[in-house]
Structure formats: C-alpha cells, structure tokens
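Below is one structure; the comments refer to it alone.
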Amino acid sequence: MLKSRYTILSLCLLSTSAAFANQPTPSPYTGQEQRDIKALSPDEIKSYLAGKGAGFAKAAEMNHYPGPAHVLELSQQLQLSPEQHARTQRQFKSMQAEAMRLGKALVEQEQLLDTLFASGSISKDTLQSTLENLATLQAQIRQVHLEAHLDQKAILTPDQVRRYDALRGYNKSVNAKAEGGAHHHVH
C-alpha cells in the first residue's frame with residue numbers, strides 16, 4: 001500500500017514537472033514591445049539626449065583619466081585653481097553639447113530602424129546602411145566622452161588625479177601599480 005502511494009506520488013510529480021517543462025518561457029523582453037523605440041529604454045533615451053556618459057568612458061575613467069563632470073562635482077576636494085575650474089567647465093560644456101547633438105542623431109536612427117521593421121519596409125540594404133549609421137554615431141559619442149577624459153587629465157596635476165581616483169573609490173593597488181609601485185598617501 002505504501003509502495004503504491006509512492007509510485008502514484010512519483011508519477012504525479014513527473015507529470016507536473018513535464019507539464020511545466022513544456023510551457024514556453026516568457027521572453028526577457030516582455031513589456032518592451034510597448035516602447036516608442038524598442039531597442040532603447042526611456043532612461044537610455046534620456047541619457048543620450050542629455051549627453052550623459054553612460055559608461056562610454058570607462059576605459060579612461062578606470063585608468064586614471066578623470067571625467068570633467070565628476071571633476072566639477074569634486075572641485076573643492078581636488079582644490080581646483082580658478083583657471084582649472086574654468087577650463088574644466090568649458091571643456092565639459094563643449095563635450096556635453098557635442099554628445100547631445102550626436103545622441104539626438106542616434107535616437108533618431110534607432111527610431112528609424114524601429115519604424116522600418118514595424119512597417120515591414122526594411123530591406124537588407126536599408127538595414128545595413130542604418131546599422132552603419134548607428135555604429136558610426138555610437139563610436140562618435142564614445143570618442144567625445146573619451147577625448148573629454150584625455151583633455152581633463154591634461155588640466156589636472158598628477159596629485160589631483162590621484163586624489164580623484166581615491167575620492168571615486170578606485171582600487172588603491174591599481175593606483176600604486178600605475179605610479180610605478182610607489183605608495184602615496186592621500187590626505
């Protein structure tokens with residue numbers, strides 16, 4: 001009797017798990033079909049249109065090339081001179097204006113791509129040219145942000161760069177390695 005109950009229970013469990021296994025897994029994109037531009041979240045669109053960095057300059061930021069927006073935020077702690085502050089502000093405004101211009105163009109290209117697919121009027125040639133335009137815009141946006149980091153480092157002293165890294169919480173062992181293994185204390 002006990003053995004038959006276990007058999008029945010086992011069969012029920014197997015049939016239940018088989019039924020779940022046959023159910024389609026919802027797409028991680030569920031809900032995104034309602035977006036104006038399917039490939040971009042509202043936050044991504046806002047970021048592009050506002051000229052935000054959105055991680056485009058990590059290669060610079062994480063390798064001791066400070067970003068102008070964060071330098072301005074930390075200007076007191078970095079003890080920027082009036083000239084450094086003015087140069088950083090000009091550099092930031094220039095970078096942001098260009099990133100906004102390019103970001104607007106990128107959002108428009110993503111909208112075009114979405115519209116072409118939604119209308120069913122896309123061809124392989126149109127797809128290729130639209131993707132090439134998008135890739136060029138993405139590269140240009142990233143370049144604008146990375147160049148801003150290059151320019152910013154030239155405005156700061158090596159001590160300010162070290163303080164910036166420490167204030168941003170970057171790994172001190174990485175900082176020591178970049179300085180030739182010397183140990184510096186930031187006050």
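Rule-based calculations on the coordinates, nothing more; no lab input. This one's a predicted model, so the numbers in the text were calculated from it and none came from an experiment. Reconstructed Cβ throughout: ideal geometry from the backbone, glycine too, with neighbour counts over all protein chains shown.
Data for the structure
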{"item": "Residues whose placed amide H lies under 5 Å from that of residue 35, excluding near-sequence neighbours", "result": "none"}
{"item": "Debye-sum result for the stretch 54-175 in log10 I(q)/I(0), which assumes one identical scatterer on each alpha carbon, at q = 0.17 Å⁻¹", "result": "-0.82"}
{"item": "Two-site FRET efficiency, residue 33 against residue 62, from Cβ-Cβ distance with R₀ of 30 Å, rounded to 0.05", "result": "0.25"}
{"item": "Mean Cβ count within 10 Å, highest first, over the residues of peptides 122-128, 104-110, 145-151, 74-80", "result": "145-151, 104-110, 74-80, 122-128"}
{"item": "Chain lengthening between residue 101 and residue 119 when straightened (0.36 nm per residue, less Cα-Cα)", "result": "3.8 nm"}
{"item": "Potential extension, residue 85-residue 41 segment - 0.36 nm per residue separation minus Cα distance", "result": "12.4 nm"}
{"item": "Centre separation in Å (Cα based) which lies between the stretch 114-137 and the stretch 59-79", "result": "37 Å"}
